[in-house]
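Worksheet: the structure to be examined is printed underneath.
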Amino acid sequence: MPDPGSPPGSDPGAGGPVRTCVGCRRRAAVSELLRVVGVAGELVPDHRRRLPGRGAWLHPDRRCLDEAERRRAFGRALRQPGLLDTSRVRALVDPVPGPGAGDAGRGPSRSTAAEPRTTESRSTSREHPVNQP
Ligand SMILES: [Zn+2]
C-alpha cells in the first residue's frame, strides 16, 4: 500500500520515536500516528499525547481504524476488556460518513408510493330512529 503522506527518503527511525500502528501493524514515526487512549470504555484521540495511561497508536486513516476494530486491537493494546466505543476516533479519521457506509449490500429499494390508495370512507353512521311518542 503506497503511503502518500511521507516523502521519499524519509526514515521514520531517524526523526524520533517510532510506534506500530495497531491497524496495519506498520511502524511509523509518532508524528505520523494518532495516539488514542481508552477512557471509560471509550476510545479517545489524544492529540497532545499527554493523556495518562496506556495508549495505542493508529494512522489517522479509516482503513487502519477499521482493521484495528475488526481485530479488536484496541482492547488488547489498551488492556481494556470488552469493546471500546470508537465513535470519536472514527469521526476524526472519517469526517464524512456517507449514508451507505457500512452496508454496501443494500440494493436500490424501489418503492411504489405513487399507487393510489383506495380509502373506503364508508360512513357507518347508524341513524337511530327517533321514536317520538
Ligand atoms: Zn496504519
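The values are calculated or read from the model by the stated rules, or taken from the named source; none is laboratory data. What you see is a predicted model, and the numbers here were worked out from it, not measured in a lab. Don't worry about glycine lacking a Cβ; one is built from the backbone with ideal geometry, like all the others, and counts go over all protein chains shown.
Okay, here's what the table says:
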| item | result |
| --- | --- |
| Of all residues in region 77-90 being touching a residue at least 24 places away in the same chain (Cβ under 8 Å) and more than 15 Å from the chain's Cα centre (by Cα), the one that is farthest from Val22 (Cα to Cα) | Gly82 |
| Tally of residues being at pLDDT below 95 and among the acidic types (Asp, Glu) across region 62-84 | 1 |
| Qualifying residue in region 52-59 (condition: within 15 Å of the ligand (Cβ to nearest atom), modelled with pLDDT of 95 or more and loosely packed, with under 13 Cβ neighbours inside 10 Å) | no |
| Within region 1-19, tally of residues that are modelled with pLDDT of 90 or more and either surrounded by 15 or more Cβ atoms within 10 Å (Cβ to Cβ) or among the hydrophobic types (A, V, I, L, M, F, W, C) (or both) | 2 |
